[in-house]
């Protein structure tokens, strides 16, 4: 049962109002820097195909997603400057296809896809496409030049100077460092050949190459595809941590999502479920629990559950850690958690976090709170003294840690504790 949000007036109604905040739409933490609503996870970003020239039609694909049930996609095209900055939405450009107009000439284009499933909506961002040539241009890009190589510090990337109509007589190169969404790019000093070796400053960014073709007297620049998120070590990179869904009650089945990863080639996933105490500490692996689903047993009652996913690509293996879920109710309990509460607010020192979301099998009438500080992986947790309301102000002691709240919901004589999803405070 989902409880309707209410906002009682007056100080005397504060406790009930706090409880109502539990029962708005549920959510989940994203990459640890901000909280986001639940929704599908993107395993591969959207892509754009087509000739980069006024009057030609571009086609967007939504990327690869995992989610709950049917996933619907909504598109919005953007026009940006040559470097992928100062982007503005193109009015009315909300289909998977887009015909380039005169206003696009000398600009780049991008598409944002909003994917919606039964749990919520998530956005994902394409690589920039461009620079768009005028309709009368003698030299234009029929496709974006591809990149090859693994985006790992110390390893080379290479751009293939293909995809031109007609083929240019000469080509030049400038490498660009962009943000994680492959936007807001800036030239990398001295990087002017078709090959670029990643340096420490590239970690956490994406790389693209600006390829300039010349077929006298025509001269045209086109941007390559994106490298994906650069990393310091082999193995895939997680942009969204693993998550757990399902009713937290003995006999019920939990489902683990691997999260969203980028890497080199095919990525495979291995799962291991863990049982922790009611505060998310003293975790131990559950023997044989190595699938993406797990059915809760008697030993889980009064405990919390967590999931570790090991993602492997052509370069190596990286672990990803879910926030823990719980507390698991007995099979006979009339009060169990069906969706974990979440935290809203900015996880930064001096900023306030607030409990929101969450659903239970029985409508709660009131709630109490306890805030918990964990390690950066959301494990090994301890209670924060005096933090017992639905709102908590982040302190310097929280830097480099994850925070969550334990919400004890009351329904008559029954009580049930639910852990929120966590947020990570930058160190």
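Laboratory data are not the source of any read-out in this text; all were calculated from the coordinates shown. What you see is a predicted model, and the numbers here were worked out from it, not measured in a lab. Every residue, glycine as well, gets a Cβ built from its backbone with ideal geometry; the counts of neighbours run over all protein chains shown.
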Tell me whether segment 46-223 comes out rounded, prolate or oblate; compute the Cα gyration tensor, take square roots of the eigenvalues as a ≥ b ≥ c, and use a/c under 1.5 as the rounded threshold. oblate
Computed E for residue 268/residue 397 - FRET, C-beta separation, R0 51 angstrom, nearest 0.05: 0.85
Suppose each label sits 7 Å from its Cα in the direction of the beta carbon; what would the residue 382-residue 203 distance come out to in nanometres? 2.8
When the Cα centres of segment 309-387 and segment 247-281 are compared, how far apart do they sit, in Å? 13
Kindly work out what percent of the DSSP beta bridges joining two residues of the chain are antiparallel, to the nearest 5. 95
Given a Förster distance of 30 angstrom, what is the FRET efficiency for residue 282 paired with residue 118, based on the Cβ-Cβ distance and rounded to 0.05? 0.30
Note on segment 330-427: alpha-carbon gyration tensor, axes a ≥ b ≥ c; rule is a/c under 1.5 for rounded, else prolate if a/b larger than b/c, else oblate; result prolate
Residue separation times 0.36 nm, minus the C-alpha to C-alpha distance between residue 74 and residue 94: what's the value? 6.5 nm
When 1/r is averaged over all different Cα pairs and the result inverted, which Kirkwood radius in Å belongs to the chain? 23.4
Mean ellipticity per residue at 222 nm, deg cm²/dmol - from DSSP H runs of n ≥ 4 across the chain, formula -39500 (n - 2.57): -500 deg cm²/dmol
Spacing of the two label points (7 Å from each Cα toward its C-beta) at residue 351 and residue 153, in nm: 2.5
Take every Cα pair under 8 Å in the chain that's 6+ residues apart, average their separations, divide by the length, and report that relative contact order as a whole percent. 15
So how far, in whole Å, is the C-alpha centre of segment 124-191 from the one of segment 75-115? 17
Pull out a ≥ b ≥ c, the square roots of the eigenvalues of the alpha-carbon gyration tensor of segment 208-308, then state rounded if a/c is under 1.5, prolate if not and a/b is larger than b/c, and oblate in the remaining case. prolate
